[in-house]
Amino acid sequence: MLSLRSVSKTFAGPRRLTVLRGLDLDIARGEFVAIMGESGIGKSTLLNLIAGLDRPDSGDVLVDGVDLATLDDDALTQLRRERMGFVFQAFHVLPYLTAAQNVALPLALIGVRGPEAGARVGAMLDAVGMAAQGACMPRELSGGELQRVAIARALIHHPALVLADEPTGNLDSESAAGVMTLLRGQLQAQGATGILVTHSPAAAATADRVLILRADGLHEAPPPAMR
Amino acid sequence: MSAGAAQVSVLGATLGGAHHGNRGRLLLSVLAIALGVALGFAVQLINQAAIGEFAGSMATLSGNADLEVRGPRSGFDELLFAALAQDPEIAVASPVVEVDARIKGRDDALSIFGVDAFRAGAVTPALLANAADPLDVLRPDTVFLSNAAAAWLPARIGDTVTLQAGLRDVTLKVAGLIQSPSSQRYAVMDVAAAQQAFDRSGSLTRIDVRVRPGVDIAALRSRLLPLLPAGTAIAAPQERVDTTARMSRAYRVNLNVLAMVALFTGGLLVFSTQALSVVRRRAQFALLRTLGLPRRRLLASLIVEGATVGAAGSLLGLVAGYGLAVAAMRIFGGDLGAGYFRGVAPAVAIEPIAAAVFGALGITVAVLGSLAPALEAARASPAAALKAGDEQSAFRPLRRAWPGVALLAAGTLGALLPPVIGLPLFGYLAIALLLFGTLLLMPRVATLLLVRMPTPRSVPAALAFDQLRGAPGQAAASLATVVASVSLMVSMAIMVASFRQSLDEWLTRVLPADLYVRSGTAGDSAFFAASDQRKFAGLPGVRRVDFLRVQSLLVDPAQPRIVLLARDLPPDDPARALPLVAEWRAHAAGDPPPVWVSEAMVDLYGYSPGRHITLPLAGRAVAFTVAGVWRDYARQQGSVVMDRALYSTLTGDTTANDAALTLDPGARVEDVQRELEARAGPAGQLAFAAPTDIRAVSLRVFDRTFAVTYALEAAAVGLGLVGLSSSFGALVFARRREFGMLRHVGLTRRQIAGMLATEGLVVSGIGLVVGLALGWLMSLILIFVVNRQSFHWSMELHMPWLPLSLLGFALLLLATATTLVSARAAMSGNVIRAVKDDW
C-alpha cells in the first residue's frame, strides 16, 4: 500500500538539518504500524512526506503504486481528500462547527451531502461513542471526546490510509487507552491502513508492527510481548 | 442523526469563525468602504444632474438654433445682426440681449433675455410666453418669468419686479409666465426694451441662427467667420455646454479623487482586518488544506469574504451617497458652491450605471484589500501552519527592494509630466506610486531606523526593541496603515494650509484700500456711470479713489470668456498694485501697451511675459504686450489687467463697477460710507465692504469648500488607528505563546504592557516620521502639480508646524493606547495556558 525508497529530507537554515537519510519503508494494506523515536528525529516529517504535505529531497514515496513526486499540489490535495484521514495531537477540531459538522467535513469536501451524509455521520458518531454529543460545540467537550470526534472525522469517508500524529499526546492514560482501542477497532473494521507516530509505548502496543526511527533509518522493534 | 444537523458547506467551514472576535472591525471595514462609495457616488450624481440639467437648459433656451454668435458679455455691435439676417443661407436670425440683473434688496441676480418676439418664436420658442395681451411682448416695462423664476422670486402675473441698472431702479410688470421644461430661472422681455432699460443700446449679446434646409452648416460657419468682429465667435449651441463642462471638469475630478482617497483608506482597513482574521484562523485553514481543500478554493473563499464586506459597504454607500447628493444639492447647489452652473436647480436622479460602477468599485477595493492575506493563507504550508507558533511566519519580511524603489522612481517621473486633457492624471498617479513604493519599502526602512536607535535599559523595553529588530516584517502591516493614514492626512493638511495661507496673503495684497464700494452685489447690470463717479470726488476723509471696470471677453471660442479688469493703476509703477509672480521689464518705447495676465492665461493661452498679444476690444483686435503675470485666485478661467484710462480710450466705456477708497489717517469708515450714501442716490444700490470683511468671507468660503477635506483627514487618522489596532492585534495573537512564556518566567502584566507599549510607540513613531516625510513629498505634488494643472494657479508652501506637531503627539499617544487596548489579551490568563499547546 505504501512504499518509501531511499527517502531523504534536509531542512535548510542557519544550520542544515538532515532529518531523514536514505529511508526505506513498506507497509501492507490493512496494516497498522507504529513509529517511535526521539524528539526531533523526524517522525512528523516522515508523516508529512507520506501525506504529500512536503516533498523529499531525494527518493520516492509511493501510495498505492502512485509516485507522489509526479503529482502537483492539486492532485496531492485530491489524494488526501479522497484516500487519507488524519488524527492530530492537538485535535484540530473547528471551534465554530458542532461535533457532527466537524465529522461531516470530509464528506462535504468530496461532495457527499444530504441524507446520506447525515446517516454516515450518525453511524460514525455512534461507533466512536459520541452519538449523544453530535450537537455539542467543541468547547463543551473534553479532550478525550474531542479526539473521538477527530477519529470519526478521519474515518468518515473510508480512507485507505489513516495518519495519526501523537493522537494521545494531550490525553490522560485512561482516555488515551480508550482512544487507541477505538482507533484500532475502526481501522480494522474499515480495513484501512494506519500509521501511528507516538512516544507512548502503550499506544504503540496496539499496532501490528512497531518501528523505531533512528538517525540511520527505521528499525523493527521487538514484538510488544517481549518489550 | 438528521441530515440537517450534519450539514456543513465547504464555504461555511472556511469562512466560519471569521466573525469571532472581529465583528467590530468588520463593521468598521464595511463603514469605511461605504464612506468612500458614498462620497464618490454623491459627487457623480451631483455632477451628472448639474451638467445634464445645464445641458437641458441650454438646449431649451437654444431651441432650434443651428448656430449662435456669441461675444463679450457686454455685447457686440448690433449691425452684425442686420448682415446675418440678410444672408441667403440663413432662414432666421434672432437677436438676444442677455443681462444678469441684480434684484433690488437681494444679493441675487435674475437672468434677463431680451428677444425679438417675432423672430424668437421660430428659433427659441422656450423664450416665448402666452401673453394675455399680445402687445405685452413689445412693451418696454413688461417681463415674462419662467416657472422656476416665478417660484423663486416669488412673483405672480400682475406683480412687479424691481431690478438695478447702473445705480437706478428698473421696475417691470410680470405680464405672463413661461411654461418651460427647464429648471433655470430666467425672464424674457422685448430686445429693444432690454437694451434701453439696461444701457445696452446698439449692442447684442447673442444672435441665434437657424439655417435654411439643405445648407452645409460647417461651410456656412466658415464663410461667416471673417465677417465677425474681434471677440465674437460662431458655434453650435452644444459647444457652450461642452466648454462649461470642461471648465468644471478639474474641480469635479478633484472631488472624485477625494472620494477615491476615502475608498483607498477603506481598502486599507479591510486589509488590516482581514490580516488579523486570517492569522487567527491560520491553523483552521491548514487543517482544511490537510483534509483536502484545494488551494484555489481556499483563496476563492477568502476573496468572497472580502467581497462580502465590499458588497455590504457598497450597498450602504450607494444609499448614503444618494442621500448625500440630495442634501448637498439642496445646500450647496449643483456645482457645490463653485459657481460653474449658476441659476441651475437640478434634481438628483438615480443613475443605474453610476451605481453599478461605484458598487463594483467598493467591492473591488475590498477584494484587493483581502488579496494579500488570502494569498498568504493559500500559499502557507499546511504542515508548518498546523504547528504551534507558526503564526509569526505569516509576517515574513519582503526580500526584494527593487519593486518599491521602482515605484518611487516612477512616481517621481510622473510628477514631472504635463496634464492630460487638462487634468493632472500623472500627478495623481505619482502620488499613488510614491505611497505604494514607500509601503513596500517599509520593512527595510524600519530596519534601518531600528538599528540606529539606542537600546533602552529596561528589560521590557529592550525586549520590545529586540522583537522589532529581529522581525521587521511583523511590524510591516502595522507600519503600512500608520504610514498610509499619516501621509494622506499630512499631505492634505499641508496643501490646505499652504492654499489658505497663500489665499490670505493674496487677499491682503489685492485689498490694500480701506473701503470697497460696489455698484451691486450680484449680476452685471449695475455700474457707476461717469456722473456717479464724480460723486466720489472730494469725499471728506478720502485720500484716493481707484475705480475698476470688469468685463468679460471671448478670446477663444473653445474656452470660457476671460475677465478683463480695467483698473486705475499707479502711473509710476503700475505693477505695484498686483501680486506678480513674473515680470518683464524690457518694455521698449515702440512696444504695444502693457497688460498683466493671470497664471491661467499663461497655462491656457500661452501668454508668457514679453509676448505680444491681441485682445478683442469694442469689436477690434488691439495689440498689447504681456508685461507680467499675476496670481489670481478669483478667476480660474483667466483674467487680464490693464490701465482703465487706456481701456476707456480704446472702447469709449467710462463706466466702472467697483471703487476702492483709501482714507486719510484718522478718517472713519462709517462717516465716509454715510456721506457717500447721501450723495449716491437710491438706498441699497451701493454695497460697502471693509477689506477685513471681504477677507473673512473669503476664508469662510474656503473653509466650507474644504470641509470635506478636513473630514477626510480626520477619517484617515481614525481609520489608521483602527488599522493599527487590527494589525497589532494580529501580531499579539501570533505571539501569545511568547507572552505565555514571559509570564511563566516572571514578567508581570505591567511589564508586558510596557513591552507592548514600547513596541506600539516605536512602530507608530517610525510610521509617523516616514508618514510625515512621505506626506510632505505628496503635498509638493498636490501644490505644485495637481493644483497648478487643475486650476492654473500657484501657491507658496506653508508648513503648519503647530497643527502637525500637535497631531503627531496626539497620534503617538493614541497609537500607544490603541496597541495596549488591542493587546490586552496578551496580558490575560489565556496566554499562560497557550504554552500548554506545546506540551
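If you stretched the chain out fully between B:Arg749 and B:Ala707, how much longer would it get, using 0.36 nm times the residue separation minus the C-alpha to C-alpha distance?
10.8 nm
Treating each Cα of segment B:67-235 as an identical point scatterer and ignoring solvent, apply the Debye formula and state log10 I(q)/I(0) at q = 0.19 Å⁻¹.
Values returned for q = 0.19 Å⁻¹ are -1.19.
Given the Cα atoms of segment B:515-689, and with Rh set as the inverse mean 1/r over their pairs in the Kirkwood sense, what is Rg to Rh to two decimals?
Value, to two decimals: 0.99.
Calculate what fraction, in whole %, of the accessible area of segment B:67-235 sits on carbon and sulfur atoms when a 1.4 Å probe is rolled over the protein chains.
53 percent
Is chain B rounded, prolate or oblate when judged by the Cα gyration tensor, a ≥ b ≥ c being the square roots of its eigenvalues, rounded requiring a/c under 1.5 and prolate requiring a/b larger than b/c?
Verdict is prolate for chain B.
Can you list residues from other chains, or at least 5 along the same chain, whose modelled amide H is less than 5 Å from the amide H of B:Ala582?
Sorted by chain and number, the residues that satisfy this are B:Val629.
Summed for both chains, how many Å² of accessible area, to the nearest 100, are buried between B and A with a 1.4 Å probe?
2700 Å²
Hey, what number do you get for chain B at 222 nm if only DSSP H runs of n ≥ 4 count, each worth -39500 (n - 2.57), divided across all residues, to the nearest 500?
Dividing the helical sum by the residues of chain B leaves -17500 deg cm²/dmol.
Would you please give the FRET efficiency between B:Ala85 and B:Gln533, computed as 1/(1 + (r/R0)^6) with r the Cβ-Cβ distance and R0 = 35 Å, to the nearest 0.05?
0.40
Using a ≥ b ≥ c from the Cα gyration tensor of segment B:627-719 (square roots of the eigenvalues), is it rounded, prolate or oblate, where a/c under 1.5 gives rounded and otherwise the larger of a/b and b/c decides, a/b for prolate?
oblate
In chain B, which whole DSSP H runs stretch at least 20 Å along their own axis (Cα) and average 1.0 or higher on the Kyte-Doolittle scale?
Taking the DSSP H segments of chain B (at least 20 Å long, mean hydropathy at least 1.0), we get B:23-62, B:295-332, B:352-379, B:425-452, B:476-510, B:707-734, B:749-781, B:801-822.
So who's got an amide H within less than 5 Å of the one on B:Ala526, skipping anything under 5 residues away but keeping other chains? H placed 1.01 Å off N, in plane.
So B:Ala526 has HN proximity to B:Arg102, B:Gly166.
Taking only pairs that are 8 or more places apart or on different chains, how many Lys pairs in the protein assembly as shown have Cα atoms under 20 angstrom apart?
5
Rounding to the nearest 20 debye, state how big the charge dipole of segment A:109-227 is about its Cα centre with +1 on each Lys and Arg Cβ and -1 on each Asp and Glu Cβ.
Value, rounded to 20: 200 debye.
Could you state the angle between the C-alpha long axis of helix A:73-83 and the longest principal axis of the C-alpha atoms of chain A, as a value from 0 to 90 degrees rounded to the nearest 10?
With both axes taken from Cα atoms, the answer is about 60 degrees.
Based on the inverse mean of 1/r over its pairs of different Cα atoms, what is the Kirkwood hydrodynamic radius of the protein assembly as shown, in Å?
Kirkwood radius, the protein assembly as shown: 35.0 Å.
What are the ³J(HN,Hα) values, in whole Hz, obtained from phi via the Karplus relation 6.51 cos²θ - 1.76 cosθ + 1.60 with θ = phi - 60°, for each residue of segment A:154-160 in sequence order, with x given for Gly and Pro?
Using θ = phi - 60°, the values come out as 5, 10, 4, 9, 6, x, 7 Hz.
Show me, for segment A:187-197, the HN-Hα J-couplings you get by feeding each phi into the Karplus relation (A = 6.51, B = -1.76, C = 1.60, θ = phi - 60°), rounded to Hz, glycine and proline as x.
3J(HN,Hα) across segment A:187-197, in whole Hz: 4, 5, 4, 8, x, 8, 7, x, 10, 10, 9.
HN-Hα J couplings of segment B:143-156 from phi, Karplus 6.51/-1.76/1.60, θ = phi - 60°, integer Hz, Gly and Pro as x?
After applying 6.51 cos²θ - 1.76 cosθ + 1.60, I find 9, 10, 9, 6, 3, 5, 5, 4, 6, 6, 4, x, 7, 10 Hz.
Tell me, which residues of segment A:49-95 get at least 30 Å² less accessible area when the other protein chains come in, versus the chain alone (1.4 Å probe)?
Hits at the 30 Å² cut-off: A:Leu53, A:Asp73, A:Asp74, A:Thr77, A:Arg80, A:Arg81, A:Phe86, A:Phe88, A:His92, A:Leu94.
When a/c is below 1.5 the answer is rounded, else prolate if a/b is larger than b/c, else oblate, so apply that to chain A with a ≥ b ≥ c taken from the square roots of the Cα gyration tensor eigenvalues.
Prolate.
Loop-only trypsin sites (Lys or Arg not before Pro) in segment B:225-334, please: DSSP not H, G, I, E or B, and at most 14 other Cβ atoms within 10 Å.
Filter output for segment B:225-334: empty list.
Note down the nm distance, to one decimal, between modelled labels 7 Å out along Cα→Cβ at B:Ala347 and at A:Cys136.
Inter-label distance under the simple model: 6.5 nm.
For segment B:56-110, count all C-alpha to C-alpha pairs, find those more than 18 Å apart, and express that count as a whole percent of the total.
50 percent
Only loop residues by DSSP count here, and only those with at most 15 other Cβ atoms within 10 Å; note down the GluC sites (Glu not before Pro) in segment B:729-826 that meet that.
Passing both the DSSP loop test and the Cβ count: B:Glu796.
The values are calculated or read from the model by the stated rules, or taken from the named source; none is laboratory data. Computed from a prediction, not measured in an experiment: that's the story for all the values here. In this analysis, Cβ positions are derived from the backbone assuming ideal geometry, glycine residues included, and neighbour counts consider all displayed protein chains. Keep in mind that these areas ignore ligands, DNA and RNA; they rest on the heavy atoms of the full protein, side chains included. Shrake-Rupley method; radii C 1.70, N 1.55, O 1.52, S 1.80 Å.
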